[in-house]
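Reading through the structure tokens given below for one structure.
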Amino acid sequence: LNIYLTIVLAPLIGSIVVGLAGNQLGRTLSHSITILGVAISTVLSLYVFNHHVLNDADIFNQNIYTWMQIGGLNISVGFLVDNLTSVMLVVVSFVSLMVHIYTIGYMHKDKGYTKFFSYISLFTFAMFTLVISNNFMQLFFGWEAVGLVSYLLIGFWHHKESAIEANLKAFLVNRVGDFGFLLGIALVLMFFGTLDYAEAFSQKDQIIGQTLFGGSAITVVCLLLFVGAMGKSAQVPLHVWLPGSMEGPTPISALIHAATMVTAGIFMVSRMSPLFELSDTAFMVVMISGAITALFMGLLGIVQNDIKR
């Protein structure tokens, strides 16, 4: 448990220290602190990957803190570490570490140098929270946190009109996706009476045959959850924010919009696979949306001459 806590909290501590005292610490110390935090997480993530994926350890699923209790509903902060989580932890931490190191050179003349390191470290924390959560509420917290930091980073050069427009567009399009996602989570709570993954998935057979709005209840739930993934992972038709988001500094395009935030949607659909497996319609929608997105982005790649876009 201490290892998992350290993985999640090391970037957060680095972000808070540099965010509050970056100007006093100076540039070298600021980037050293944030890189150290992410480096610790990377090493521990590799250890967890070795433990779970290569040595086939048991799944770790434990609540560590009760956030709130409403009647019989218990909303906790908890960790679920299995093969999927282990792989995602390595991907997020390693990419983030590389981006942190690259940022030293890329942003060296920028006035907001320390602020930038604080933001990308905070983003790494939010992404860790998202992938290690064992319940829908914590997943949603991480989901919204990466969206918030993405908004701050796309508009980081706020003296540029285009950057302000781009981060507003990204924010609004993601709100559309997140609204669907929130409705999906609400329906999970309605049908299963719990927000814990393991408890919800163990009751999944109850929902088979139930109807909602004249359609299959499980299909409605899965499609609403997928609307969240459409926004976060820029799938058609909620893909419109992604080209504009390249207005942010290049390390952000690498960290958020190529490697980590965009995989949050993929991770979420993978995590929800016990539910998606019950609905052929939801599977078809995911497949068609993904295929159309891949085709259109491939065509755009042929004609777009800006390497980031």
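Bear in mind these aren't lab numbers, they're just calculated from the coordinates by the rules spelled out. Predicted model only: the values in this text are computed from it and were never measured. Every residue, glycine among them, receives a Cβ derived from its backbone with ideal geometry; neighbour counts consider all protein chains shown.
Below are the figures for this structure:
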item	result
Segments 136-142, 303-309, 206-212 sorted - mean Cβ within 10 Å per residue, highest first	136-142, 206-212, 303-309
At least 24 Å along the helix axis (C-alpha) and Kyte average at least 1.0, DSSP helices within the chain	2-25, 27-49, 83-106, 113-132, 136-154, 161-192, 280-303
Relative packing of 173-183, 69-79, which averages over residues the other C-beta atoms within 10 Å, highest first	173-183, 69-79
Principal axes of the chain: Cα extent on each, largest first, Å	61, 48, 38
Whole-Å distance, taken between Cα centres, linking the stretch 224-246 and the stretch 272-286	19 Å
Per-selection metrics, the stretch 1-127 (Cα): Rg and Dmax in Å	16.5, 54
Where labels lie 7 Å past Cα in the beta-carbon direction, separation of Ser273 and Leu148 in nm	3.2 nm
Positive-end residue of Thr114, Gly184, Ser96, charge dipole of the chain with Cβ unit charges	Thr114
Whole-angstrom Cα spans of the stretch 158-262 along principal axes, big to small	53, 28, 18
Estimated inter-spin distance, Tyr65 and Thr250, nm [label 7 Å along Cα→Cβ]	3.8 nm
Reach of Lys169 by Cα under 19 Å, taken over aspartates and glutamates that are not fewer than 8 positions away in the same chain	Glu144, Glu161, Asp178, Glu247
Kirkwood Rh (inverse of mean 1/r, distinct Cα pairs), the stretch 83-238, angstrom	17.4 Å
Within the stretch 165-309: Cβ-based charge dipole about Cα centre, in debye rounded to nearest 20 (Lys, Arg +1; Asp, Glu -1)	280 debye
Reachable lysines, given that their alpha-carbon falls under 27 Å from the alpha-carbon of Lys109 and they are not under 8 places away in the same chain	Lys160, Lys308
log10 of Debye I(q)/I(0), alpha-carbon scatterers only, for the stretch 73-165 at 0.10, 0.16, 0.18, 0.20 Å⁻¹	-0.33, -0.74, -0.87, -0.99
Length added when fully stretched, Met284-Ile208, from 0.36 nm per residue minus Cα-Cα	25.6 nm
